[in-house]
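Accompanying notes for the structure given below.
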Amino acid sequence: MKKQLAAKFARVRLVVFDFDGVFTDNTVYVAQDGTEAVRCWRGDGLGLAELKRIGIDTVIVSTETNTVVTARSRKLALRCVQGCDDKLSTVRTLAAEFGLSLRDVAFVGNDINDLTCLQAVGVPIIVRDAHPDVVDAAMYRTSAPGGRGAVREVCDAIVFARRLAKA
């Protein structure tokens, strides 16, 4: 990790994650009764726990309201804000609630409904398989695709940057 990027990652105090395409591989399985299921990466939980251990807050912000998102966020003990038509407004509210500048916030997204957040925060991050329209807004692009370790990679990068800053 380059020094300038590490310094920005070390400054992060809040990480806001989109859900679909970040925690998941953007696939949804739909049963005949309309029940939805998604595929997530188990290792993400360990990375998120490490962020919590070092005092970094994490929140999921999702455009849609879905019981799958609720269940996964509950399992990971993450705060979750769903049904966000204006994600940027939600991110600004969260930053203010935590007493932070947007400069101290990382946002992890993957698609055009994340673009305003990516453009506004101090550390805009996209997953490897993000939509081409958001690539230029990112400071960091994970090597792992969404739903296949991207969340863990972000967590590990922030933890690593914090260690470097203290060394």
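The values are calculated or read from the model by the stated rules, or taken from the named source; none is laboratory data. Owing to the predicted nature of the structure, the values given are computational and were not obtained by experimental measurement. Cβ coordinates were reconstructed from backbone atoms using ideal geometry, including for glycine residues, and neighbour counts include every protein chain displayed. Only protein heavy atoms, including side chains, enter the accessible area calculation; ligands, DNA and RNA are left aside. Shrake-Rupley method; radii C 1.70, N 1.55, O 1.52, S 1.80 Å.
Working value for segment 1-104: equivalent-ellipsoid semi-axes of 27, 17, 12 Å, each the square root of 5 times a Cα gyration tensor eigenvalue, largest first.
Across Met139, Met1, the residue with the most accessible area heads the list, and the full order at a 1.4 Å probe is Met1, Met139. Amide H to amide H distances under 5 Å link Cys84 with Ser62, Thr63, Glu64, where only residues 5 or more positions off or on other chains count and H is placed in the peptide plane. Scanning residues 5 or more positions from Ile56 or on other chains, none has an amide H under 5 Å from its amide H, with H placed 1.01 Å from N in the peptide plane.
Per residue, the average separation of C-alpha pairs within less than 8 Å and at least 6 apart gives the chain a relative contact order of 31 percent. Here Ala96 and Gln119 are evaluated by their C-beta separation; at R0 = 22 Å the FRET efficiency comes out at 0.75. Once the Kirkwood radius over Cα pairs is known for segment 49-167, the Stokes-Einstein relation at 4 °C and 1.567 mPa s delivers a diffusion coefficient of 87 µm²/s. Across segment 40-55, computed HN-Hα scalar couplings (Karplus, 6.51 cos²θ - 1.76 cosθ + 1.60, θ = phi - 60°) run 10, 9, 4, x, 4, x, 5, x, 5, 5, 5, 4, 4, 4, 8, x Hz from first to last residue, x flagging Gly and Pro.
Could you pull out the longest piece of the chain with no exposed loop trypsin sites (Lys or Arg not before Pro) in it, calling a site exposed if DSSP puts it outside H, G, I, E, B and it has at most 12 other Cβ atoms within 10 Å? For trypsin sites (Lys or Arg not before Pro) (loop position, at most 12 other Cβ atoms within 10 Å), the longest site-free span of the chain is 43-167.
Excluding Ala95 itself, what net charge comes from residues whose Cβ is under 15 Å from its Cβ, given Lys and Arg +1 and Asp and Glu -1?
+2
Working from label points 7 Å from Cα in the Cα-to-Cβ sense, the Glu36 to Ala49 distance is 2.8 nm. In sequence order, segment 129-136 has phi-based couplings of 9, 5, 4, x, 5, 10, 4, 5 Hz under the Karplus curve 6.51 cos²θ - 1.76 cosθ + 1.60, θ = phi - 60°, and Gly or Pro positions carry x. Counting only DSSP beta bridges whose two residues both lie in the chain, roughly 15 percent are antiparallel.
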